[in-house]
Amino acid sequence: MLNYESIYKKGVCIWLTGLSAAGKSTTASALSSRIEELNRKVTLLDGDIIRTNLSKGLGFSKEDRDANILRIGFVASEIVKHGGIVICPCISPYKETRQKVREKIGTNQFIEIYIATPLHICEERDPKGLYKKARNGEIPHFTGIDDPYEPPVNPELALITTNVSIENNLQTIINFLEKRDLL
Ligand code: ADX
C-alpha cells in the first residue's frame, strides 16, 4: 500500500538552538509528542543523546562541536529528503555552522527556533549542576561562561521560556508549521 501522506507531505527540520538549560530538550520532547498526536512520525536528534552514540568521543572544542552539529545536520537532511519530520535540540553555538546545516537541508524546510532563555536564568535553573562546576573551573569551555554562544540574527521563531508556558510555545510552533504548510 502506498503511504500517500508521506508522498505529499514536505519534510521539515525543526532546529532548537540556545544555551544549556534553556529549555530546548523539554520543548523538543513536548513538541515531538504533540506532532505524534497529529499522526505524523517524528525523529528526535537531541545533542545530549547523540553525544552518547553518533558523536561519542567528541568533546567541546569548536572543531568537535562543529563535527557534532554537521553529523546531526546530515542525518536530519536525509530524514527531510524522505519527507520526515526531525527535531534537533542542540546548543549549536556557532552561527556559521547552523547556516551550513540550513543550506544542506534547504532554507524552506529548516525552521530555526531560538530558545532565548537568558544566561542568568539558565544558571539559576542549573538542573545538572554544570554551571556551578563551570564557574568553579571544573568544566572548561562551558557555553555562555568561557565559551561563545552566537544567537541567531533572523530565526524563524524566538521563544521565551520564563513567563510563557510550554503549551503556549508549542502552539506558536504548530501554528507556524501549519502556516508554512509543513504539518
Ligand atoms: S553542541 O555545542 O555540540 O551543540 P550539544 O547540544 O551537543 O552541544 O551538547 C550540550 C550538552 O553537553 C549540554 O546540555 C551539557 O549537558 C553538556 N556539556 C558538557 N560539557 C559542556 C560544555 N563545555 N559546554 C556546553 N555543554 C556541555
Cα→Cβ-extended label distance, 7 Å offset, between residue 40 and residue 136, nm: 4.4 nm
Loop-located trypsin sites (Lys or Arg not before Pro) in the range 43-85 whose Cβ has at most 13 other Cβ within 10 Å (DSSP): 56
Rg in Å to one decimal, and Dmax rounded to a whole Å, for the chain via C-alpha atoms: 16.3, 59
The range 26-52 and the range 168-183: distance between their alpha carbon centers, rounded to Å: 15 Å
Across 24/56; 24/132; 24/128; 24/81, pairs whose alpha-carbon gap is larger than 18 Å: 24/56; 24/132; 24/81
Full-extension gain in nm, residue 30 to residue 125, via 0.36 nm per residue minus C-alpha separation: 32.3 nm
For residue 19, residues with placed amide H under 5 Å, excluding near neighbours: 117
Per-residue [θ]222 nm for the chain (sum of -39500 (n - 2.57) over DSSP H runs n ≥ 4, rounded to 500): -13000 deg cm²/dmol
Rounded to whole Hz, the Karplus (6.51, -1.76, 1.60) HN-Hα couplings of the range 32-47, x for glycine and proline: 4, 4, 5, 5, 5, 4, 8, 6, 10, 8, 10, 10, 10, 10, 7, x
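Fewest to most neighbouring Cβ within 10 Å: what's the order for 13, 122? Mind showing how you got there, number by number?
Values: 13 28, 122 22.
By the 10 Å Cβ count, ascending: 122, 13.
All of the numbers you see were taken from the coordinates with simple rules; none came from a lab. Since the structure is predicted, the reported quantities are computational estimates derived from the model, not experimental observations. All Cβ positions, glycine included, derive from the backbone under ideal geometry; neighbour counts span all protein chains shown.
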